[in-house]
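Structure first, commentary second.
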Amino acid sequence: MVVTRFPPSPTGHLHLGGARTALFNYLFAKKNGGRFILRFEDTDRERSKEEYVTSIISALEWLGLHWDEGPYFQSKRFELYQEYARRLYEEGKAYYCECSKDFLEERKKILQGHGLKPRYEGFCREKNLPPGPGRALRIKVSVDSEIVFEDLLRGKIVFPPDEVDDFIILRSDGTPTYHFAVVVDDITMGVTHVIRGDDHISNTPKQLIIYEALGVEPPKFAHIPMVLGPDGARLSKRHGARSILEYKEEGYLPQAVINYLARLGWGYGDQEYFTMEELIEKFDLSRVNLSPARFDPDKFLAINAYWLRAFSAEDIYPHLLPFISHYNLSKYPKEKQIEMVNSVRVRVKTLKELAEMIDFYFFDEVSFDESAKTKALRPELLPYLKAYMSEIEGLDFEDEKHLEAHFREFAERHSLKVKDLAQAIRVALTGKLISPPLFEVMRILGKVEVKRRLEKALQSI
Ligand code: GLU
């Protein structure tokens, strides 16, 4: 059975790059009928924050990347790491080291002074030291040939035999080092495929050595390319290294984020839009692009606009709720709110814009855009607006065609330009020059409210 994992360090929010790694692991597991695990690599107690655990979990949930197991926390698994470390020590594959920090620092300088790569020179290797205060546990590394592994995306990756020294697996305070915790976790969680950023390629040799010492077959590795900013430089805060939850707040649909993340460095012919189901069906590591992906904010926005058009208003409504929850929603039954959504979702790019376009429906008092008011609600229109108001009394407001036919006839009868009259009524009802279709607005507001708003507007001219 395929088992993948997403192991964020809770030292920051989930951003696009991390979310894409999570998505690829999720898709690969689902595609193969496997399991997807969430694990927090929080061994760095200084930098790990509960706040980030919470925000990473919310972001994954919002994206719909549901894990089958976990979340695990490395900080709660220290005993397990110690047990595995003890095993290596008892088998003579690891040894205690009493070299002091200062001494090691000095040796490092000396080696560097000779133009050599700093490495632990094995001072305590043959000392057979028992555990004791101030002693760290090092793994005995005896590599006499190159370290090789087969990356699922890149093929053979080769490291020289001296790539890895006798590195520490358990610090003198008993805490595991990063590589050791990762390997013990991946073994005990049954991880079969490690899909991660290519910044982790250089970590792989050390991890392979731990697998070998523990006598366990390593998982398969796939190192995916980085996500770069539009300018080809590392993703910065300005363009995309923002928290996924910020996109939520800006009014992106989770489906759009998933779709865009999938397209960042992965493709399926010319297909641009994918549902999660399609991604699960079509995802395949062999289609991951080996050159770094570039984040393109315009394309991201266009994909969001696409999903706002492609989904039904009913599907969009729950995602819109947080953006309109402060409106006086009890003014309209849900069906009417859905109608509002339906007519404007094709004209906006985000849920936030959508919410702004329908805000006027919920106002107790229309808030006028001053320039719209000056432009559209002109004093010379006053008598006509008054006449119009009294005539609509007898109209059927449920029938937009009827409203429109009367409106056109009225304009013609008074020799008014349809556009002038429409703009005046539009601004009176919505406060703005741009709104959903006028007769739909009238129908949804209803006769009583339309009359009330017209009256108010007339008073203000
Ligand atoms: N915790 C690591 C990170 O946040 C991931 C390590 C791994 O995938 O092996 O980058």
Rg/Rh over Cα atoms for segment 319-399, Kirkwood Rh, comes to 1.04
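For segment 97-147, rounded, prolate or oblate, judged on the Cα gyration tensor with a ≥ b ≥ c (square roots of eigenvalues), a/c < 1.5 rounded, else prolate if a/b > b/c?
Numbers: a/c = 2.82, a/b = 1.19, b/c = 2.37.
Oblate, because a/c is 1.5 or more while a/b does not exceed b/c.
Under the classification rounded if a/c is under 1.5, otherwise prolate if a/b is larger than b/c and oblate if not, where does segment 421-461 fall, given a ≥ b ≥ c as square roots of the Cα gyration tensor eigenvalues?
oblate
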Most packed first (mean Cβ within 10 Å per residue), the peptides 370-382, 144-156, 212-224 order as 212-224, 370-382, 144-156
Using alpha-carbon coordinates alone, the radius of gyration and Dmax of segment 1-123 in Å work out to 19.7, 54
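If you take the square roots of the eigenvalues of the alpha-carbon gyration tensor of segment 60-190 and sort them as a ≥ b ≥ c, do you get rounded (a/c under 1.5), prolate (a/b over b/c) or oblate?
Judged from the Cα gyration tensor, segment 60-190 comes out oblate (a/c at least 1.5, b/c at or above a/b).
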Zone reached by a paramagnetic label modelled 7 Å from residue 321 Cα along Cα→Cβ, restricted to segment 44-61 with backbone N below 18 Å, covers 58-59, 61
Placing one equal point scatterer on each C-alpha of segment 134-262 and summing with Debye, one gets log10 I(q)/I(0) at q = 0.13, 0.15, 0.21 Å⁻¹ equal to -0.73, -0.87, -1.20
Rounded to the nearest 0.05, FRET efficiency between residue 102 and residue 278 (Cβ-Cβ, R0 60 Å) equals 0.55
Per the beta carbon screen (other Cys under 4.7 Å), unpartnered cysteines of the chain come out as 99
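I'm a student and want to see the number: the projected area of the Cα convex hull of the chain, averaged over all directions, in nm². It would help to have the intermediate numbers written out before the result.
On the way: hull surface 116.0 nm².
Averaging across all directions leaves 29.0 nm² for the Cα convex hull.
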Length-normalised contact order of segment 56-148, Cα under 8 Å, at least 6 apart, in percent, tallies to 33
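Which value, in Å³ per residue, describes the convex hull spanned by the Cα atoms of segment 164-214?
Details: hull volume 4.6 nm³, N = 51.
Cα-based convex hull of segment 164-214, divided per residue, equals 91 Å³.
In whole Å and largest first, what semi-axes does the C-alpha gyration tensor of segment 327-457 yield when each eigenvalue is scaled by 5 and square-rooted?
In descending order the semi-axes read 24, 17, 14 Å.
Could you give the length gained by full extension between residue 396 and residue 418, i.e. 0.36 nm per residue of separation minus their alpha carbon distance, to one decimal place?
Working: separation 22, 0.36 × 22 = 7.92 nm, distance 2.04 nm.
Result for the pair: 5.9 nm of gain on full extension.
Please give the length that would be gained between residue 270 and residue 246 if that part of the chain were fully extended, namely 0.36 nm times their separation in residues minus their C-alpha to C-alpha distance (nm, one decimal).
5.7 nm
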Segment 288-346, Kirkwood Rh and Cα Rg, ratio Rg/Rh at 1.17
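Where a number appears in this text, it was derived from the coordinates with a stated rule and is not lab data. On a predicted model such as this, the values are computed, not experimentally measured, just so you know. No Cβ is skipped: glycine too gets one built from the backbone with ideal geometry, and neighbour counts run over all protein chains shown.
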